[in-house]
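Everything on this sheet refers to the single structure shown next.
The values are calculated or read from the model by the stated rules, or taken from the named source; none is laboratory data. Just so it is clear, the model here is predicted, and its values are computed rather than measured. With ideal geometry, Cβ positions are generated from the backbone for all residues, glycine too; neighbour counts draw on all protein chains shown.
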Amino acid sequence: MLLAIDIGNTNIEFGVFSGSEIIASFRLGTNRDITSDEVGLFTSQFFQESGLDRHDIDDVVIASVVPQVMYSITNAIKKYFYNKVPLVVGDNLPLHVENLYDNPKDVGADRLVAAIAAYHKYGGPLIVVDFGTATTFDAIGPRGQYMGGAIFPGIKISMDALFENTAKLPRVELVRPDQVIGHNTVSSLQSGAIYGYVGAVKNIVWEMSQELGGDVRVVSTGGLAKMVGDETDLFIAIDRTLILDGLYLLYQQYKKEN
């Protein structure tokens, strides 16, 4: 079995593969001060409750955009998974993708891994929208080449900034109000957050699709993908395991070459 780990700014997602199928997954909040023992005990508990045996993990692959936690994660893997040395994207796990960014090293590993999986699963050209701490829009060409993208503040951090920088506006639940015209502060905030955010996503996707030639598939992933997907028919798929699937594909390529 393979353990794939996607380390993002908000969450760390773990996926256990048996063959090409994810048989279990779980999330841990990203804490830059987390210790290797905290990670190890959490994963050990999950394996036990899921009826899985850590001895059955053959390899571990990691994509990370949070360098601060890598020491704890890699040491947890070595200590709790019987001296396994994890394969890390961009380090000892090569990325086989044509990267057209001005400085290819500036692109987060998660975005490239998602691009590889999306092209493999849906073909190109396509746009991948990842609703994470930031919302990223990534353009993949007809040959699977990574062409670039856009980065937009995530809806949660946008609302947090509004709350923290205004004296009278409260925190609100991110749910769609019954109508766009709010009749109180809470529904007005919800209207601006949901309808405004969906409008921004649709406009960025439309502009990018024009630059890609117009006939483009759009796939979404990330924690808030379903919330936005419920408000638009923009996406051909809401794929929550896209990055984990990309890690599996990279691992398979690595095994063929080594």
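Quick notes on this one:
- Among the residues listed as 172, 180, the single one being buried (at least 16 other Cβ atoms within 10 Å of the Cβ), over 22 Å from residue 240 (Cα atoms) and β-branched (Val, Ile, Thr): 172
Matching residues to (1) closer than 16 Å to residue 231 by Cβ; (2) touching a helix residue (DSSP H, G or I) at 6+ places or on another chain (Cβ under 7 Å); (3) outside any strand (DSSP E or B):
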{"site": "110", "(1), (2), (3)": "no, yes, yes"}
{"site": "120", "(1), (2), (3)": "no, yes, yes"}
{"site": "138", "(1), (2), (3)": "no, yes, no"}
{"site": "150", "(1), (2), (3)": "no, yes, no"}
{"site": "160", "(1), (2), (3)": "no, no, yes"}
{"site": "177", "(1), (2), (3)": "yes, yes, yes"}
{"site": "181", "(1), (2), (3)": "no, no, yes"}
{"site": "186", "(1), (2), (3)": "no, no, yes"}
{"site": "190", "(1), (2), (3)": "yes, no, yes"}
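- Candidates 258, 165: the one that is under 30 Å from residue 19 (Cβ atoms), surrounded by fewer than 13 Cβ atoms within 10 Å (Cβ to Cβ) and at pLDDT below 85 is 258.
- Complete set of residues in segment 154-191 that are of a type in the set (Gly, Ala, Ser) and either within 28 Å of residue 139 (Cβ to Cβ) or outside the structural domain of residue 130 (by TED's automatic domain parsing) (or both): 154, 158, 161
- Elements of type strands (runs of 3 or more DSSP E) in segment 9-90, at least 2 residues being over 27 Å from residue 257 (Cβ atoms), modelled with pLDDT under 95 and not assigned by TED's automatic domain parsing to the domain that holds residue 136: 11-18, 21-29
- Taken over segment 192-228, the criterion of being part of a helix (DSSP H, G or I), hydrophobic (A, V, I, L, M, F, W, C) and closer than 27 Å to residue 140 by Cβ is satisfied by 198, 200, 201, 204, 205, 206, 208, 225, 227, 228.
- Contacts under 9 angstrom Cβ, first residue in segment 158-177 being within 16 Å of residue 196 (Cα to Cα), partner part of a loop (DSSP other than H, G, I, E, B) and modelled with pLDDT under 75, 6 or more apart: 159/171; 160/171; 162/169
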